[in-house]
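Reviewing the structure listed below.
The values are calculated or read from the model by the stated rules, or taken from the named source; none is laboratory data. This one's a predicted model, so the numbers in the text were calculated from it and none came from an experiment. FYI the Cβ positions are ideal-geometry reconstructions off the backbone, even for glycines, and counts take in every protein chain you see. Heads up: the accessible areas ignore ligands, DNA and RNA and are worked out on the full protein's heavy atoms, side chains in. Shrake-Rupley method; radii C 1.70, N 1.55, O 1.52, S 1.80 Å.
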Amino acid sequence: LLHLAGTADEGVLGSHGHRGFASLLLGSTAAEVAAHAPCPVVVVRGEATTAGPVVVGADASERGEAALEYGFEHASRHRLPLHALHLCPIPAALPPYALTPVNQDLDLGRIRDEAGRVLGQAVDRWSTKHPNVPVERIVRDGAPAHGLIEASRGASLLVVGSHGHGGFAGLPLGSVSQAATRHPPCPRPVAR
């Protein structure tokens, strides 16, 4: 499959094969191909809805741009709305959960405003190219993987980049992308 993906525009796989138990969330083949294929890979699990929005995990990274591009093109082609979602993992940095002391002067409102500004700039570039796509920009506090999984309920597609901010160059798939690929109830492409 990885060899074929080298010349493909997109790969599409089921979440697990015959050897997996129904409760397993992602089979080893789908995980391996999603992590290493050079093209976008869509992992399909369960019943897909075609009426829900396209949810895109967006940040200011290069892979976040690839996710927005894929999401906007899919939404435009299928005449669906798009929800661009940026999650700020702020609560995890605050006591009692923080592993290191946190600056007590942390301005959470300013952090959210900046996240909204960055998200708006990224989304506006693609909205200009796809004016037929209705877009909702969403900035929420919380862990990115959990927030994306929750936002994908009722979505027709969840799109994530292979890495976001903080990814290590040697890792083929970031932790948020891995979690989002393993758990949501809708099909989800990993954009590159």
Criterion (open to solvent by 10 Å² or more (accessible area, probe 1.4 Å), at pLDDT below 85 and touching a Cys at 6+ places or on another chain (Cβ under 7 Å)) met by exactly one of ASP59, ASP9
ASP9
Which residues, taken from the stretch 64-79, are of a type in the set (Ser, Thr, Tyr) and surrounded by fewer than 19 Cβ atoms within 10 Å (Cβ to Cβ)?
SER76
Filter the stretch 18-43 down to the residues that are open to solvent by 40 Å² or more (accessible area, probe 1.4 Å) and modelled with pLDDT of 75 or more and list them by number.
THR29, GLU32, HIS36, PRO38
